[in-house]
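Down below is the structure, laid out as structure tokens.
The values are calculated or read from the model by the stated rules, or taken from the named source; none is laboratory data. Worth saying up front: this structure is predicted, and the values here are computed from it rather than measured. In this analysis, Cβ positions are derived from the backbone assuming ideal geometry, glycine residues included, and neighbour counts consider all displayed protein chains.
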Amino acid sequence: MAKVALGSAREIRANWSKNVEFAPTQVVHPRSEREIVHHIARATAHGIGIRAMGAGHSFSAIAKPEGALLTLDHYRGLVHLDSDTGEVTLRAGTRLWEIGPMLAQHDRALEVMGDIDRQSIAGAVSTGTHGTGGRFTGVSGLVTGLKIVLANGDAVWADSEHNVKLFEAARLGLGALGIIVEVRLRTVPLYKLHRREYSAPLEETAARFLETSMEQDHQEFFFVPSGRRAVVRELNHVPAESSNRGMGRVRTSIESEVVGNGALALANRLVQAVPATKRPLSSAVSALMPAGEAVHFPYRLFVASRRTRFRECEMAIPASRFGEAFEALTRALEGSTRSLIFPLEVRRAAADDVWLSTASERDTVYIAAHNPLHAESDDYLHLVHDTLVAFEGRPHWGKMHWLRETELRELYPNFEQFVSVRDELDPDRLFSTPYLDSLLGG
């Protein structure tokens, strides 16, 4: 096979949160499916592994390569939008922030998004990115088809009627099955969101969350360790013709960048230096977190700015166990002497049928904990992780956790089926790494 030009390179040394360093033997930046096939063949011929990476926004080592690293930076954009079904097919490297405006031009939208939109669509699908909403699944649940290049170099289309087992596995495949090159998603007619943010007593908010998160289209809440109040965010669908409001550039900058990100960064550094300030600052940060109302397109209001870098652990627990899990967690946080006031985030998602989804076959509540980049220890994340593991917690695949194959196998009803597909498609582990093997077995 003739050598294919690689194009310009992006220097890649670590993930977004800087907690996972990369040292690939080679970094390649394909611009076409043909080039992707070529690089897989070259890795096979040289006897080295190859790992695909989207935007590098995972907090875990899920994308860390041991051999060649293939980025999707130059493989982005719209492939096709079906005017009859509304389904959209995108190149795998397309960033989430690019999808909303692209769909809006065709009067379509995604029905749900997470609150970070820096990821690639292939990365979001492969690691289980999700938003919030008791009637909505994660992004993998929106996938209706995909094209993936396998270890043997074949580019295969899979959906609910073609290569069905591959489809079921690759909808959330951790990059273990091949390199996704195209993703087809279900979309809905264009709408706007009415977002409302307000402060409320934490105990009452948590007690009613299973009820209120079904009444609102999308609801989540934030609270800080040792705090007594929650910041509740509610987003409801309204007609696309609704007038925009509450999204002035200056106001958005002040609320998100200065009050939100700025207050968090400053407060956490102060608490690290003077632990006695933890409780009063917890209350102060709760009061300063952005609040108010806005109406705009979903790609503007689902997402939130993340200028303060952090490390994150997120656990998915059965909704039926949320009450006891939340009580145990707040009790553990009260008993901790750790000097930290970074907010925890609580979200909700409907059960889905994706094999390795954290919401697979069960209605789910997510609890996410964040550790500032400058924190010297991740003991706090360990505390949250270990507390929620006791309540059948499944860790987000793209975030920090400390479970391995033995524990994960017990948490997923279709784990064995996934491993069987992996064994069939990649018996030589071209796409594997030590970290991935620790999750799925060698």
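If only residues of region 37-55 that are outside any helix (DSSP H, G or I) and surrounded by fewer than 23 Cβ atoms within 10 Å (Cβ to Cβ) are counted, the one that is nearest to the chain's Cα centre (by Cα) is G49.
Can you tell me which residue within region 91-150, out of those that are of a type in the set (K, R) and under 17 Å from the mean Cα position of the chain (by Cα), is modelled with the highest pLDDT?
Within region 91-150, the subset of a type in the set (K, R) is 91, 95, 108, 118, 135, 147.
From what's left, under 17 Å from the mean Cα position of the chain (by Cα): 95, 118.
Values: R95: 97, R118: 91.
Among residues in region 91-150 that are of a type in the set (K, R) and under 17 Å from the mean Cα position of the chain (by Cα), the one modelled with the highest pLDDT is R95.
Return the total of residues in region 201-237 being over 25 Å from the mean Cα position of the chain (by Cα), in a strand (DSSP E or B) and at pLDDT 95 or above. Total meeting the criteria: 1. In region 12-36, of all residues being part of a strand (DSSP E or B) and either surrounded by 20 or more Cβ atoms within 10 Å (Cβ to Cβ) or not β-branched (V, I, T) (or both), the one that is modelled with the lowest pLDDT corresponds to A14.
Residue check: E161 meets all listed conditions (1) buried (at least 20 other Cβ atoms within 10 Å of the Cβ); (2) more than 19 Å from A52 (Cα to Cα) but one, namely (1).
Against the definition (at pLDDT 95 or above and either more than 28 Å from A122 (Cβ to Cβ) or surrounded by 21 or more Cβ atoms within 10 Å (Cβ to Cβ) (or both)), how does P372 come out, yes or no? Break it down stepwise before answering.
Values: at pLDDT 95 or above: no; either more than 28 Å from A122 (Cβ to Cβ) or surrounded by 21 or more Cβ atoms within 10 Å (Cβ to Cβ) (or both): yes.
The answer is no for P372.
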